[in-house]
1. If you average the sequence gap of Cα pairs under 8 Å that are 6 or more apart and divide by the length of segment 135-267, what percent do you get for the contact order?
2. Once both labels are modelled 7 Å past Cα along the beta-carbon direction, what's the residue 80-residue 110 spacing in nm?
3. Give me the extension gain from residue 131 to residue 284: residue separation times 0.36 nm, minus the current Cα-Cα distance, reported in nm with one decimal.
4. At q = 0.15, 0.16, 0.21, 0.23 Å⁻¹, what base-10 log of I(q)/I(0) does the Debye formula yield for segment 173-289 when every alpha carbon is treated as an equal point scatterer in vacuo?
5. So between residue 216 and residue 182, what do we pick up on full extension, going 0.36 nm a residue minus the alpha carbon distance?
6. Using a simple spin-label model with points 7 Å from Cα along the Cα→Cβ vector, what separation in nm is obtained for residue 145 and residue 118?
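Derivation of every value follows stated rules applied to the coordinates shown; laboratory data play no part. Note that the coordinates shown come from a computational prediction; the quantities given were computed from them, not determined experimentally. Heads up, the Cβs are rebuilt from the backbone with ideal geometry, glycines too, and the neighbour counts pull from every protein chain shown.
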Amino acid sequence: MPVHRDQNPEAPTEATEGVAFTKRDGSLPPEQPPGPRAAEPAAADRDRGQSTGRQRLLAGLWPPRVSRAQLTVALLLFVLGLGLAIQVRSTSDNSALRGARQEDLVRILDELDSRTERLEDEKRTLEGQRAELESSSDQAEEARRQTQQKEQQLGILAGTVAAQGPGIGLTIEDAAGAVEPDMLLDAIQELRAAGAEAIQVNGNRVVADTYFTGTAGNVEVDGKTISAPYRFKVIGKPQDLEPALNIPGGVVQTLEKEQATVAVERSEKIVVDALRPAKQPDYARSSAQ
């Protein structure tokens, strides 16, 4: 039986596996897209490239490399943040003054001006003493005179010498028995800050080491019990002492919240005559000896 051959000139001839088919005219057929096996090596190479990129990124970020310029900028930003935090806190601390009345603000400013003036006077006094000591023909006598004057001043501060001068009288009535010892101590500290030079409370001289203990209605000063009314005798400039007690949120307002009655009276002559015994130090000695 005769064999019929395909007469289609475009039909390719069969070749073995792995050899491309060719047309009868000798040209190659169009390139076929790669199969799944050809795509797998490309994906593996891409994953390997991504892994290598991550490793390079991590190597660049850690450990961190900080330059001097970056460290300087970080330090400046820290200082700036700290300054802003302090400013915000200071502003919040002064918020109590925002609600104060105009006359109260004027009184506070007057008190600050008085304190400044008092410090300036003290500075001028010390400068004058130094000038007198330097210009005196008998410097030994001038030094002795200034020493005696200083001894009197220290005696007043130590409570071993009586004193008199202008000041105020402060009386606190405590009918409810609600005045605590720390409230009286606050009054003492406020008066000292306003320039009080000598203070006594119910016959007890107040000095640097004076302490208040006890409870409301049973207050003790240096271990001695005192009872209401609490009477303060204070020597100092009355124009400074009285406003210091009446500032907003100050001593007077605090005591009035406890239903206490506070009376402040200015006087041109206040006598502070309660004395404390002079103490001889056990260990301290003058360096001039």
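1. On the way: 211 pairs, mean separation 47.7, N = 133.
Across segment 135-267, relative contact order equals 36 percent.
2. For residue 80 paired with residue 110, the spin-label model returns 4.5 nm.
3. Values: separation 153, 0.36 × 153 = 55.08 nm, distance 3.05 nm.
Separation in residues times 0.36 nm, less the Cα-Cα distance, equals 52.0 nm.
4. -0.70, -0.78, -1.25, -1.45
5. Details: separation 34, 0.36 × 34 = 12.24 nm, distance 0.95 nm.
Gain on extension, residue 216 to residue 182, equals 11.3 nm.
6. Here the modelled spin labels are 2.8 nm apart.
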